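The structure appears right after this line, and notes come after that.
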Amino acid sequence: MKLKSALFLDAYCPSHVGNDVLLESSTLLLKRLCQNVEIKIHAKTPESFVSTQGVACSGLLFPDAPVGEKFLTKIMWLIDAMVFMAIQIINALTLRIPPYFLTFSTTRKKALRDITESSFAISIGGEMINDSFRKTLPLYLFEFWLAARFGSKVVIFPQSIGPLRRKWTRWMTAMVLRQCTIVTARDQPSLDELHSLGLSGNQALTAPDVGIEQPRASIAEAKLYLADLGVDFQDRRIWIGLTPSAWVEEGVAKQDYLEIIAKAIKQLSTDHRLGVILMPANMPVCGERTSDYETATRLFDMLSDACPCHILPKAVVPARLFKGIQGCLDMVISTRMHASILSTMAATPTITINTQRKLYGYMSRIGQERFSLAIQNLTATQIAQAAEEIINNQTTVRKELKNGYAKVSAELTSYVAMVQPILDCAD
């Protein structure tokens, strides 16, 4: 059988644990779909995944827009991207010269060759097709369109789609996604968005996030890592993992939601011996912003006088280890999607504070919606009550999580069976 080639278009950088999840879990899913496949990867920081997964990557077709640079530098970046796309679009619609002949950049030559010569061009971004990413949305959509134009089967692996409320983002997204072979939503609102854009049938599918099957480090390895941070599991405390976020998409609470979390933890500490581990999902390394880590540090300062607190160091934490650490804990409170997926799939009771709509969609899918709290009207009492239920019903909640895993795992298996014949990649 001829070896097929697949390109992951948007692996980005493992400084955000969700990106590490998406790459490793997407690789596992693709191998379930098509064992006889060669995988290539485009990433923002190509060398960074070597430390977490031992894989080599190539650079992205479009490097990130410069942050903190002079206005003129940003304008030049934008002009470069627009001229490049214009030339490629005209060529694809007329002469159809191999695209890599139309650029002087070595990185772009390599990226264009990968995009136009792969059997499958696969987006594993998790969440980029919405109005919040409108500034970069045309760049992502251009890659999908170009790959399809030159004969690749374009597949969007399970991710959140929308909300798309602007006329131009809806028009552009609809036009491009209709050229894709399969677009997969990971929740019902996203599937509804696809239907509203005119996609239907086997072109618009739904499946759980690929991260539900993310492998994890052993408990022994995770506890050794935590011991080096000073965490003492012999202390017989209720250990809570906290993953806060600096970015709140779905509305703004009337007061600082970090203060609400801190107040809830302090309420709980009057009746229980607690310990807290701050687990930022986005680390300020590999050129990434410091905002999430600063948010975690602020929460650490609020809680350090109420109970023992520890914070993960500023370094890339592989998704396997992140999940292993969560598996050692009694409870997780999270504002980040993949941090929540990892903890729930490790059967650790989890409370989500919904900074984004996708969190409630995921928790509903696994039967944990009662522990999924809207941020708009969040109160310390809500968090404390949810935590008390978890403390008093650990066995029941963990059983529910195992049942939730069985449900979404079966759904992912059904997705594989449906997609294989569409892609013609069954061995």
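The values are calculated or read from the model by the stated rules, or taken from the named source; none is laboratory data. Please read all numbers here as calculations on a predicted model, not as lab measurements. Glycine gets a Cβ as well: all are built from the backbone with ideal geometry, and neighbour counts include every protein chain shown. Side chains included, ligands, DNA and RNA excluded: accessible areas come from the protein's heavy atoms. Shrake-Rupley method; radii C 1.70, N 1.55, O 1.52, S 1.80 Å.
Only one of Val210, Val285, Val276, Val252 is hydrophobic (A, V, I, L, M, F, W, C), at pLDDT below 95 and within 23 Å of Thr352 (Cβ to Cβ). Can you tell me which?
Answer to the check: Val252.
Give Ile265, Ile238, Ile182, Ile261 a once-over and let me know the one that is at pLDDT 95 or above, of a type outside the set (Ser, Thr, Tyr), surrounded by fewer than 20 Cβ atoms within 10 Å (Cβ to Cβ) and in contact with a strand residue (DSSP E or B) (Cβ under 8 Å, 6 or more places away or on another chain).
Values: Ile265 fails: surrounded by fewer than 20 Cβ atoms within 10 Å (Cβ to Cβ); Ile182 fails: surrounded by fewer than 20 Cβ atoms within 10 Å (Cβ to Cβ); Ile261 fails: surrounded by fewer than 20 Cβ atoms within 10 Å (Cβ to Cβ).
Answer to the selection: Ile238.
Test Thr73 against the stated conditions and say whether it is more than 30 Å from the chain's Cα centre (by Cα), open to solvent by 50 Å² or more (accessible area, probe 1.4 Å) and not aromatic (Phe, Trp, Tyr).
no
One residue is enough: does segment 325-335 have a residue meeting the conditions open to solvent by 10 Å² or more (accessible area, probe 1.4 Å), outside any loop (DSSP other than H, G, I, E, B) and within 15 Å of Ile212 (Cα to Cα)?
Here is the first cut: in segment 325-335, the ones open to solvent by 10 Å² or more (accessible area, probe 1.4 Å) are 327-328, 330.
Add one more test, that the residue is outside any loop (DSSP other than H, G, I, E, B), and what stays is 327.
Okay, now just the ones that are also within 15 Å of Ile212 (Cα to Cα), so 327.
Among the residues of segment 325-335, at least one is open to solvent by 10 Å² or more (accessible area, probe 1.4 Å), outside any loop (DSSP other than H, G, I, E, B) and within 15 Å of Ile212 (Cα to Cα), which makes the answer yes.
Checking Thr352 against (1) without any contact (Cβ under 8 Å) to a residue 24 or more places away in the chain; (2) farther than 15 Å from Gly241 by Cβ; (3) open to solvent by less than 10 Å² (accessible area, probe 1.4 Å); (4) not acidic (Asp, Glu), only one condition comes out false. Which one?
(2)
Considering only segment 29-45, state which residues are under 12 Å from Asp10 (Cβ atoms) and at pLDDT 95 or above.
If the condition is that a residue be under 12 Å from Asp10 (Cβ atoms) and at pLDDT 95 or above, then Ile41, His42, Ala43 are the ones that fit.
So, in segment 27-40, how many residues would count as being closer than 22 Å to Thr107 by Cβ and either of a type in the set (Phe, Trp, Tyr) or touching a helix residue (DSSP H, G or I) at 6+ places or on another chain (Cβ under 7 Å) (or both)? Break it down into steps so the answer makes sense when it comes.
Filtering segment 27-40 for residues closer than 22 Å to Thr107 by Cβ gives 38-40.
Within this subset, residues satisfying the condition of being either of a type in the set (Phe, Trp, Tyr) or touching a helix residue (DSSP H, G or I) at 6+ places or on another chain (Cβ under 7 Å) (or both) are 39-40.
Count: 2.
Can you name every residue in segment 349-389 that is under 26 Å from the mean Cα position of the chain (by Cα), more than 21 Å from Pro208 (Cβ to Cβ) and in a helix (DSSP H, G or I)?
Within segment 349-389, Ile383, Ala386, Ala387 meet the criteria.
Looking at segment 242-250, can you tell me whether even one residue there is surrounded by 16 or more Cβ atoms within 10 Å (Cβ to Cβ) and in a helix (DSSP H, G or I)?
Looking for residues that are surrounded by 16 or more Cβ atoms within 10 Å (Cβ to Cβ) and in a helix (DSSP H, G or I), one finds none in segment 242-250, hence no.
With (1) out of contact with any strand residue (DSSP E or B) (no Cβ under 7 Å at 6 or more places or on another chain); (2) open to solvent by 60 Å² or more (accessible area, probe 1.4 Å) as the list, and Gln394 as the residue in question, which single condition is left unmet?
So Gln394 meets the others, but not (2).
Got at least one residue in segment 190-201 being touching a Phe, Trp or Tyr at 6+ places or on another chain (Cβ under 7 Å) and open to solvent by 10 Å² or more (accessible area, probe 1.4 Å)?
no
Suppose we filter segment 40-75 for residues that are among the hydrophobic types (A, V, I, L, M, F, W, C) and under 18 Å from Phe144 (Cα atoms); how many remain?
5
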